[in-house]
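> Below are the C-alpha cells for one structure; questions will follow.
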Amino acid sequence: MSQAQSAAAPRTAKAVLAVKNIEVIYDHVILVLKGVSLEVLEGGIVALLGANGAGKSTTLKAISNLIKSERGDVTKGSIEFRGERVDRLTPNDLVRRGCIQVMEGRHCFGHLTVEENLLTGSFTRTDGRTAVANDLEMVYGYFPRLKERRTSLAGYISGGEQQMTAIGRALMSAPSMMLLDEPSMGLAPQLVEEIFEIVKRLNTEQGLSVLLAEQNTNMALKYATYGYILENGRVVMDGEAKSLRENEDVREFYLGIGGGDRRSFRDVKSYKRRKRWLA
Amino acid sequence: MVVFGQFLEVLIGGLLAGVLYSLVALGFVLIFKASGVFNFAQGAMVLLAGLALVRSLDFMVARGVPVWAAIVLGLVFAGLIMAISAWLIERFVVGPLVNQDGLTLFMSTIGATFIIEGAAQLIFGSDVYPLRLFPTDAWFLFESAFPGGILVNKLDVWGGLIAGILVTGLAIFFQKTKTGRALRAVADDHAAAQSVGIPISWIWFVVWLVAGLVALVAATVWGTKLGVQFSITFLALKALPVLIIGGFTSVPGAIVGGLLIGAGEKLAEVYLGPFIGGGIEYWFAYVLALAVLLARPQGLFGERIIERI
C-alpha cells in the first residue's frame, strides 16, 4: 500500500529515515510490530498515529535502539538512517549520527538542574565548548521559560517545562532528526499547542526532521506533513496529513467528528472488514 | 584541665578514626550515586586493592627495587588491577542488567563480592600482610596546655589529609566535569541517559574504576592500620551506618557521617562505658543509624526523594 501512496504522490526529497518492514519481539515471545514500514523525508514532520498499544513507542524505540534494554529485539526488516543500516548500533552511535529520541513521559534528570539537564544532551558532542554554549543559548531562545528556571531542579518544575527541558536536552546533541514520543502527554491543551508550535519552528528554522508518535491525532495532523496510522503493530493507512485529515474513517475513528450519515453499527463493522484487506 | 584534655584527646582520635570509615563509605556513595546500586562488594574491593598493593610491594622490595620506586609501581599495579576488575564487573555483572531493578543489581554485587574475595586470595595469598606506607607512631600536641599533652596517631592524621584531598577532587569531578554530570544523569534515569547518547557501559566502567581507586586509597590507610587481611572486608559493615547517617548519595555526607560515628563511638565508649558496660564501640554506630532512619530516612545530606504529584 505504501508503494501505491508514493506513486500517487511522487516525492522528490531524500528519505532521512527509512524503516522497512520491521518486526519487533519483546522477551522472545511477544510480537509487537508485525511488519512496519515508514519513511521520513528530509525536513519533514511525520506523524505516527494510533491508539494505546498500537506500537508507536515501540517503533520509535526500535529506531533509536533503546529497545534492547527493554528486552525487545528487531527480528526482521531493516532501519536505515541517511542510507546506512542502523539497527545494530547503540543509542550512543545513533545520537552521534544525528538521530535522537525524546522519550515518552519526559524523563528529565530530576536531581539535576534544568541547565545541567540540557548540558547532558551535549555529551556526544566533539565540536568544542563554544559551539555547545551557542546551542544552549539557541535552546533558551526557543524556550525562554527554561532560562528563567535554569537553576531549578528539573524534578520540581512543571510538566510543560519538563517536556521543554526534554526537547531542549535532545536539541543539545545538535540532531538532524528527532524522534518525539507523545509530547502532549499529560499537558494542558494550550501548552500542547505551544510545544507543537516550537517543534514546527525548529523544523522550519533549523531544518530538523521529526518523527512524531502521538495520540492527539488532531494536533499531530495539524502540524505534520505526512502521517501513518498504526493498529495492532501494523500500518493500516498512510498519506499526506491533509488527506488524512479529510479521510472519512480517520475523521470518525481518530478525530471523533464526521461520519454523519453512517449511523448503523453494522457499517462500522464493514469498515473494520475493509481495513483488514488493506493491512 | 586534665578532664578537658582527655575529652579533646578522645574527640580528636574519634574524628580521625571516623575519617577512615568515611574513606570506605565514599566508594559506596560513588557507585550508588551513579548507578543506584548498593555495592556490597566495596569491602572486597578494598581487600583486593590492598592485597595487590602489598604483594607487589613485597615482591619488588625483595628483588632490590628501591622503596620509593616500589611504592609508585605498586600503586600503579594495584590501580591497574582495579581497572581490570572494574571492566570485568561492568562487562559481566552489572552491564547485562541495565534498566533492571536496584535490588537485582544489589544481589549481583553480592555474587561479585564472593568472586572478588576468592580470586583476590587465590592470586595474592590469604595471610596477614603488614603494610607500612604511613608512620604509625604518635604525636603529643599541646603539651604546655595539658599535662601529658594530647595523643594523636600520625596515621589517623594522614588518613584525614588523604580523605580531604579525595573528597575535594571527587566533588569537583561530580559537579564540574562533563563525565561527572553524565554520571549523575545515569544515576537519575538509566533510560533517559541512554536516550541522549550517554554510553552507559562506559559510564559504569568509570564509576567502578573510581570506586576501585577509592578502595585502593582506603586500603593504603587501613592496611597500614590493621595489616592487609581478610577481615578488612568487614569494613563494609562499618561503612553502612556511615552511609545511613550521611545519606547514600552525598559525598560530604559520607564524611560527616564518618566523623559523627567515629567521634560518637569513642566518646560513648569512654564516658558511657563505665555506666552501662564496655564494648559500646561495636554497636553504637548501628544504634545511631537506626535513630537516623527513624527521623530522616534519606540521611542528613541525602538527596531529597522527589515525588511530584
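> Among the listed residues B:Gly257, B:Gly247, B:Gly212, which satisfies the condition of being more than 11 Å from the chain's Cα centre (by Cα) and away from chain A (no Cβ under 14 Å)? It would help to see each step written out before you state the result.
Working: B:Gly247 fails: away from chain A (no Cβ under 14 Å); B:Gly212 fails: more than 11 Å from the chain's Cα centre (by Cα).
Of B:Gly257, B:Gly247, B:Gly212, the one residue that is more than 11 Å from the chain's Cα centre (by Cα) and away from chain A (no Cβ under 14 Å) is B:Gly257.
> Can you find a residue in the range B:107-122 that is more than 14 Å from every other protein chain (Cβ to nearest Cβ), out of contact with any helix residue (DSSP H, G or I) (no Cβ under 9 Å at 6 or more places or on another chain), open to solvent by 40 Å² or more (accessible area, probe 1.4 Å) and more than 30 Å from B:Val61 (Cα to Cα)?
The answer is yes, given that some residue of the range B:107-122 is more than 14 Å from every other protein chain (Cβ to nearest Cβ), out of contact with any helix residue (DSSP H, G or I) (no Cβ under 9 Å at 6 or more places or on another chain), open to solvent by 40 Å² or more (accessible area, probe 1.4 Å) and more than 30 Å from B:Val61 (Cα to Cα).
> Continuing with the same structure: Would you tally the residues in the range B:167-186 being open to solvent by less than 40 Å² (accessible area, probe 1.4 Å) and either facing chain A (nearest Cβ under 7 Å) or touching a His at 6+ places or on another chain (Cβ under 9 Å) (or both)?
Within the range B:167-186, residues that are open to solvent by less than 40 Å² (accessible area, probe 1.4 Å) and either facing chain A (nearest Cβ under 7 Å) or touching a His at 6+ places or on another chain (Cβ under 9 Å) (or both) number 4.
> Let me ask something else. Since B:Thr249 meets every condition but one in (1) at pLDDT 85 or above; (2) within 23 Å of B:Gln100 (Cβ to Cβ), which condition does it not meet?
(1)
> Please give the number of the condition B:Val242 fails out of (1) in contact with a Ser or Thr (Cβ under 9 Å, 6 or more places away or on another chain); (2) modelled with pLDDT under 85.
(2)
> Another question about this same structure. Exactly one of these conditions fails for A:Met178: (1) within 14 Å of chain B (Cβ to nearest Cβ); (2) more than 30 Å from A:Lys14 (Cα to Cα); (3) open to solvent by less than 30 Å² (accessible area, probe 1.4 Å). Give me its number.
(2)
> Can you work out which of the residues in the range A:112-128 that are more than 7 Å from chain B (Cβ to nearest Cβ) and assigned to a helix (DSSP H, G or I) is surrounded by the fewest Cβ atoms within 10 Å (Cβ to Cβ)? Break it down into steps so the answer makes sense when it comes.
Filtering the range A:112-128 down to residues more than 7 Å from chain B (Cβ to nearest Cβ) leaves A:113-115, A:117-118, A:122, A:125-128.
If we keep only those that are assigned to a helix (DSSP H, G or I) as well, we get A:114-115, A:117-118.
Numbers: A:Val114: 29, A:Glu115: 20, A:Asn117: 29, A:Leu118: 28.
Residue satisfying both the conditions and the ranking: A:Glu115.
> Among the candidates B:Ala219, B:Ala295, which residue alone is more than 14 Å from chain A (Cβ to nearest Cβ) and over 16 Å from the mean Cα position of the chain (by Cα)? Don't jump to the end; show me each part of the working.
Numbers: B:Ala219 fails: over 16 Å from the mean Cα position of the chain (by Cα).
Within the list B:Ala219, B:Ala295, the selection yields B:Ala295.
> Could you tell me which numbered condition B:Asp189 fails, if it satisfies all but one of (1) open to solvent by 40 Å² or more (accessible area, probe 1.4 Å); (2) of a type outside the set (S, T, N, Q); (3) within 11 Å of chain A (Cβ to nearest Cβ)?
(1)
> Please state which of the following conditions A:Thr165 fails to meet, knowing it meets all the rest: (1) more than 28 Å from A:Glu42 (Cα to Cα); (2) buried (at least 19 other Cβ atoms within 10 Å of the Cβ).
A:Thr165 satisfies all of (1) more than 28 Å from A:Glu42 (Cα to Cα); (2) buried (at least 19 other Cβ atoms within 10 Å of the Cβ) except (1).
Residue by residue, here is whether (1) part of a helix (DSSP H, G or I); (2) of a type outside the set (Gly, Ala, Ser) holds:
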| site | (1), (2) |
| --- | --- |
| B:Gly43 | yes, no |
| B:Leu48 | yes, yes |
| B:Leu57 | yes, yes |
| B:Gly64 | no, no |
| B:Gly74 | yes, no |
| B:Phe77 | yes, yes |
| B:Pro96 | yes, yes |
| B:Gln100 | no, yes |
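> Same structure again: Can you pull out the residues in the range A:87-111 that are within 13 Å of chain B (Cβ to nearest Cβ) and open to solvent by less than 10 Å² (accessible area, probe 1.4 Å)?
The first filter runs over the range A:87-111 and keeps only residues within 13 Å of chain B (Cβ to nearest Cβ), leaving A:89-111.
Result: A:Leu94, A:Val95, A:Gly98, A:Cys99, A:Ile100, A:Gln101, A:Val102, A:Phe109.
> Now for a separate question. Which of the residues spanning the range A:140-162 are open to solvent by less than 20 Å² (accessible area, probe 1.4 Å), in a helix (DSSP H, G or I) and within 13 Å of chain B (Cβ to nearest Cβ)?
Our first condition is that a residue be open to solvent by less than 20 Å² (accessible area, probe 1.4 Å); within the range A:140-162, this holds for A:140, A:142-143, A:146, A:154-155, A:157, A:159-161.
With in a helix (DSSP H, G or I) added as a condition, the list becomes A:140, A:142, A:146, A:154-155, A:159-161.
Hits for the range A:140-162 are A:Ala154, A:Gly155, A:Gly159, A:Gly160, A:Glu161.
> Yes or no: B:Leu133 of a type outside the set (S, T, N, Q), open to solvent by 20 Å² or more (accessible area, probe 1.4 Å) and away from chain A (no Cβ under 13 Å)? Even if it seems obvious, please write down each step before you answer.
Working: of a type outside the set (S, T, N, Q): yes; open to solvent by 20 Å² or more (accessible area, probe 1.4 Å): yes; away from chain A (no Cβ under 13 Å): yes.
The answer is yes for B:Leu133.
The values are calculated or read from the model by the stated rules, or taken from the named source; none is laboratory data. In this text, all values refer to a predicted model and were calculated from it rather than measured experimentally. A quick note on method: Cβ atoms are made from the backbone with ideal geometry, for glycine too, and the neighbour counts reach across all protein chains shown. In case anyone asks, the SASA skips ligands and DNA or RNA and just uses the protein heavy atoms, side chains included. Shrake-Rupley method; radii C 1.70, N 1.55, O 1.52, S 1.80 Å.
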